[in-house]
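The values are calculated or read from the model by the stated rules, or taken from the named source; none is laboratory data. Nothing here was measured: the structure is a model prediction, and the numbers come from that model. Here the Cβ is made from the backbone with ideal geometry for all residues, glycine too, and neighbour counts use every protein chain on show. Keep in mind that these areas ignore ligands, DNA and RNA; they rest on the heavy atoms of the full protein, side chains included. Shrake-Rupley method; radii C 1.70, N 1.55, O 1.52, S 1.80 Å.
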Amino acid sequence: MSSTSSTSFRINSRAKRALTERAAHEHISATALLERLITEGIRQLDHPGITFRGPENDRRAALAAGPDVWEVVGRLSELDGSAEHRIALLADEVELHPRLIRLAVDYAAAYRDEIEERIESNRAAATAARQAVENRQALLA
């Protein structure tokens, strides 16, 4: 868990108004929005081509011109062969340039725990959904 500390910034009135209005629109505090923007902005600077999607409680890294990072990495882990072979297979499968797949892999390597947690969460949800279907089918058989 990360700790928080008080920091003071000076921003112009236009930027402050925009921050306040956007925070109100998202039903979060200006501080929470500013922290998210700083964190995501730095990650985007470090990994050009990565963007963030989703609501405040479910933000996720994604390729600006493609799927979420966890989706790319999760699918790569299901393929066989060397890393470059799997990248080539996935590039053909989803019609993404291999450079974009490598970008997703690089981001995932930098934030491995975050991406692995999302992959596992999705796999658990898929397993639960399949089990629910099987249960309904067994009940109606």
Meets criteria (modelled with pLDDT of 95 or more, surrounded by fewer than 16 Cβ atoms within 10 Å (Cβ to Cβ), among the charged types (D, E, K, R) and closer than 29 Å to SER3 by Cβ) for ARG112: yes
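Would you confirm, using the coordinates I've provided, whether ARG75 is farther than 21 Å from ALA126 by Cα and either surrounded by 15 or more Cβ atoms within 10 Å (Cβ to Cβ) or small (Gly, Ala, Ser) (or both)? Steps first, please.
Details: farther than 21 Å from ALA126 by Cα: no; either surrounded by 15 or more Cβ atoms within 10 Å (Cβ to Cβ) or small (Gly, Ala, Ser) (or both): yes.
So ARG75 fails the test.
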Any hit, the range 72-93, residues being modelled with pLDDT of 95 or more, at positive phi and not in a helix (DSSP H, G or I): yes
Residues satisfying the stated conditions in the range 8-44, i.e. exposed (fewer than 13 other Cβ atoms within 10 Å of the Cβ) and farther than 24 Å from ASN57 by Cβ: SER8, PHE9, ARG10, ILE11, ASN12, SER13, ARG14, ALA15, ARG17
Failed item in (1) part of a helix (DSSP H, G or I); (2) of a type outside the set (Asp, Glu); (3) open to solvent by less than 90 Å² (accessible area, probe 1.4 Å), with ASN57 passing the rest: (3)
Criterion: part of a helix (DSSP H, G or I) and within 30 Å of ARG17 (Cα to Cα) - qualifying residue of THR51, THR31, THR127: THR31
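With surrounded by fewer than 17 Cβ atoms within 10 Å (Cβ to Cβ), over 12 Å from the mean Cα position of the chain (by Cα) and under 30 Å from GLU26 (Cβ atoms) as the only criterion, which of ALA65, ALA88, ALA83 stands out?
ALA65
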Residue in the range 3-13 that is closer than 22 Å to ILE115 by Cα, out of contact with any Cys (no Cβ under 9 Å at 6 or more places or on another chain) and either of a type outside the set (Phe, Trp, Tyr) or not in a helix (DSSP H, G or I) (or both) present: yes
Residue check for ALA104: of a type in the set (A, V, I, L, M) and either more than 23 Å from ARG123 (Cα to Cα) or outside any helix (DSSP H, G or I) (or both): no
